[in-house]
Structure formats: C-alpha cells, structure tokens
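Structure, as structure tokens:
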Amino acid sequence: MTATPFLDVLEDLIAGVVEPSAADVDANGTFPRAAVTALGEAGLLGLLSSTEVGGHGGTLDDAAQVVRRLAASCASTAMVVCMHYCATSAIEQFGPIEIRRAIASGHHLSTLAFSETGSRSQFWAPMGTAVIDNDDVVLNAHKSWVTSAGEADSYVWTSRPASGTPGATLWLVPADAQGVKVAAPFDGLGLRGNASSPVLGTDVRLPASSGLGDDGAGLDIALGVVLPVFQILNASCSLGLTDAAIAKVIGHVTSARFEHLDQTLADQPVTRQHVAHMKNQADAAATLVADAIVALTTGRSDAPLRMLQSKAVAGETALEVLDRAMRVGGGAAFRKDIGIERHFRDARASAVMAPTIDALQEFIGRALCGMPLFG
Ligand SMILES: Cc1cc2nc3c(=O)[nH]c(=O)nc-3n(C[C@H](O)[C@H](O)[C@H](O)COP(=O)(O)OP(=O)(O)OC[C@H]3O[C@@H](n4cnc5c(N)ncnc54)[C@H](O)[C@@H]3O)c2cc1C
C-alpha cells in the first residue's frame, strides 16, 4: 500500500464524517458508528489484514499514521480503531479465515477483552476460566473494561488456560454469543464515545476450536504479538492529541487580542515560551515513537525497550502538553470556547490504560537494571 492514497482517503473521511460528529460523540457519549462504518467502507478497518484475505497488508507505521490523524479529530474513534487493529493482529495470525476476510472487507469490528475485575490493570494475570466440555469450551469472566463493548462483532478474550497450567489462553468470542453481557453503559471523563464498558461472560459455550493459538500460549501472543501494536497505536493516539492541542493553541494565541495594547496573546513572550515547550515535548515524543516503529519493524536489538517506552513517553507527554494547553488557552480553554478541553480529558486515558504508565516505568526500570520484567 502506498502512503498517499490511504491518507488521502482518511483525510476526506475525517473532514466529512469524523470531525463533524466529534463534539457530539463527546458531549453525548455516543459510539462513533458512522465513522466506523465509513472507515470500514473505505478499507481502513482492513488496513492490517493481509492481501491474501483481501486486506491492504499495511504496516504498523501505516496504522500509527491512521490512529494519530484520527486522534487529532476524535480520540474516541481513534481508540476504537486502535483496539480493532490490536485484535486484528492476533486474529490475522491465529483466527479463522472467514473472520479475517470479514475484517479485511470492513464488515467486522473487533476489540480486546483483557482487563478483568479481579486482576485489574494487570491483564497478564487473567482470572476468568475456560473449561473444556467435549468439543466445546465454557468461558466465565468478569471483564472490567472493553472498548467498543456491545458495538464490536467479536472480542479477543483472555482466560486462564483450560489445562490448569499458569499463564493465559486467548479466545475469539462472538459478541452475540449466549452468556456475553455488557454490564453497564460507559460514562467516562474522556474518550466518551468509546463504549468502554465492563462485559460479563457467564457460561459462554463456544466450539473448543475458538482458541487463538494453543491453550496456554495466550501470554506469549498477548505480549509478543498484540502488545507491540497496542503500545505504538496507543502512543499514536497520544501524539494525535498533542497535534490537536498545539494547532488549537497556536490558532488561539495568534488571534486573541488585547485591544487596549493592540497586541495578540502571541505577542507575549511567556505565551511563546509555552508554545515552544509544547512543540518541543510533542516532537521529542513523536521522534521516539517513530524510532520504536523502526526498531520493531527491523528487529533491532533495542526494540523491546523502545516498545515499552513508546506509550509511557507519549502518554506522559500528552498529559503535560494538554495541561499546558489549558493554561495557555486561559478562560477560553476552560470554557470550551476553543475546543482544547475535550482533548485534555481524552488524553487522561492513556496513563491508566494497561500497561499503565506506572507499570511501564516499572518494566523499563527492571529491563535497564537487568531484572526480569515480572518479579
Ligand atoms: C478508555 C479506556 C478504554 C479501555 N479499553 C480497554 C479494552 O479495550 N480492553 C481491555 O482489556 N482493557 C481496557 N481498558 C482497561 C485498562 O487497560 C486498565 O485495565 C484499566 O484502566 C485499569 O483500571 P483499574 O482501575 O483496574 O486500575 P488499577 O489496577 O486499580 O490501578 C490503579 C492505579 O494503580 C497503579 N498500580 C497498579 N499496580 C501497581 C503497582 N504494583 N505499583 C504501583 N502502582 C500500581 C496503576 O498504574 C494505576 O495508576 C480501558 C481503559 C480505559 C480508561
């Protein structure tokens, strides 16, 4: 896939569908269904699907560009797409051909159902169970957060291994399977259109062949296949939010006037210092994320470190840049006049999405000190 066509398609779609509904998605907590449908029809939900099943065979860098650009307009839509691409990475390698084709054709939205009420942000320790019953498996779990809950067509779902060994197993759970229930509507501070609700699985009976990979191989797949995609795309969402903040701050400070002085806000040196600081921080984070993508796609030896750093650095940067944007934007930002406040709220999510920034800092510190990540 060449860069220009899919980004051109995306720009048209953002201008025509995503941007016009972004404020409403936020204000009313509405799932961005029109945007998701349009992304599917434009082939962008199949961006990471292989050409063999009718997808675009796009790269991690392609996906990062899509998520970053979407996040600058509507971060709820960007996170829905981020989670869909994460799920696609597992389904592409281990899922059934008909679901892979449906994703490639833009008719199937998926997501991750990893986090659980019992193990909270430590998704690598699922407490949900899988019991083999002849040719079936029976799943029980209390998933605490699932983006696109009740909106996606399937969930990439973790459980303890059916064999009783330590670790995890991944399953592809159809959203309409009997026993799958969205527990409550989502009402969050940010990413309000995300439908990130708890999902209960009660005696969900599926063919035992619904496993993604072998029983007990789920942790290796979650950490080795899904996590790099999640880290880069979640970081890209944070970068998109800084793009939006910087553009809106510059638009405001260069136009808001002190009439009694015949000056703009940008004529104030302190304001310019803040703008420079925001841009320096955002570009430093973007450079690190770009390097992480190169490291991952070329198999560089520092790829695991860069992968861990990407979400921590971009997420922390988005918090700081958006905080500064609120300050530089003054009362106009506080009162929603210039549209920065939505991005400020949306940027809060990355820090608590697992692996949380705190967990990532712990992993990075352990890696640097030559210690195992989990101790
Ligand atoms: C908008 C949104 C969308 C989401 N979408 C999905 C999804 O699609 N799929 C999915 O599986 N999950 C999803 N999640 C869940 C997310 O990945 C986390 O699991 C969830 O946010 C953790 O919340 P918690 O209250 O359970 O965190 P807790 O585990 O209670 O953590 C609370 C705080 O304590 C810190 N903490 C935890 N352990 C330690 C420790 N040992 N030392 C120091 N600090 C620690 C954490 O870093 C965090 O800051 C989503 C979350 C959000 C906010």
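The values are calculated or read from the model by the stated rules, or taken from the named source; none is laboratory data. What you are looking at is a predicted structure, and each value in this text was computed from that prediction instead of being measured. All Cβ positions, glycine included, derive from the backbone under ideal geometry; neighbour counts span all protein chains shown. Keep in mind that these areas ignore ligands, DNA and RNA; they rest on the heavy atoms of the full protein, side chains included. Shrake-Rupley method; radii C 1.70, N 1.55, O 1.52, S 1.80 Å.
Points to keep in mind about this one:
- With all protein chains kept in place, the per residue accessible area of the chain amounts to 42 square angstrom at a probe of 1.4 angstrom.
- Mean separation of Cα contacts under 8 Å (6+ apart) over length of the chain, as relative contact order %: 16 percent
- C-alpha long axis of helix 19-28 to longest principal axis of the chain, angle in °: 70 degrees
- Between VAL36, VAL131, VAL226, the Gaussian network model of the chain with springs among Cα atoms under 10 angstrom shows the greatest mean-square fluctuation at VAL131.
- PRO20 sits among other residues whose Cβ lies under 13 Å from its own Cβ, and their net charge, with Lys and Arg +1 and Asp and Glu -1, is -4.
- When the Cα atoms of the chain are aligned to their principal axes, the ranges along those axes come out at 81, 47, 40 Å in descending order.
- Per-residue ellipticity at 222 nm, computed for the chain from helices alone with -39500 (n - 2.57) per DSSP H run of at least four residues, works out to -16000 deg cm²/dmol.
- With the simple model of a label 7 Å out from the Cα in the direction of the Cβ, THR297 to ALA247 spans 2.2 nm.
- Taking trypsin sites (Lys or Arg not before Pro) across the stretch 278-363, the ones in a DSSP loop with at most 10 further Cβ atoms lying within 10 angstrom of their Cβ are ARG335.
- Carbon + sulfur, % of accessible area of the stretch 113-216 - ligands and nucleic acids excluded, 1.4 Å: 50 percent
- Label point 7 Å beyond Cα of THR59 along Cβ direction - residues of the stretch 302-338 with amide nitrogen under 17 Å: 303, 307
- Pair VAL270, ALA125: separation of 7 Å Cα→Cβ label points (nm): 4.7 nm
- Here's the list of lysines a cross-link from LYS311 could span, going by alpha-carbon distance under 23 Å and ignoring same-chain residues fewer than 8 apart: LYS143, LYS279.
- The stretch 184-319: C-alpha gyration tensor shape, a/c 1.5 cut-off, then a/b vs b/c: oblate
- When each of the peptides 163-169, 187-193, 239-245, 147-153 is scored by how many other beta carbons lie within 10 Å of its residues on average, the order from highest to lowest is 239-245, 147-153, 187-193, 163-169.
- Three-way shape call for the stretch 113-216 based on the alpha-carbon gyration tensor, with the a/c threshold at 1.5: prolate
- Gaussian network model of the chain, Cα within-10 Å springs - most flexible of ALA292, ALA177, ALA314: ALA177
- Nearest 10 degrees, 0 to 90: helix 269-298 Cα axis against the chain principal axis: 30 degrees
- For the chain, the longest principal axis of the alpha carbon atoms and the long axis of helix 60-73 meet at an angle near 50°.
- For the stretch 1-134, alpha-carbon Rg over 2.2 N^0.38 Å: 1.14
- Springs join every pair of Cα atoms under 10 Å in this Gaussian network model of the chain, and among ASP135, ASP323, ASP24 the largest mean-square fluctuation is at ASP135.
- The distance between label points at ASP135 and GLU41 comes to 4.0 nm (points 7 Å beyond Cα on the Cα→Cβ vector).
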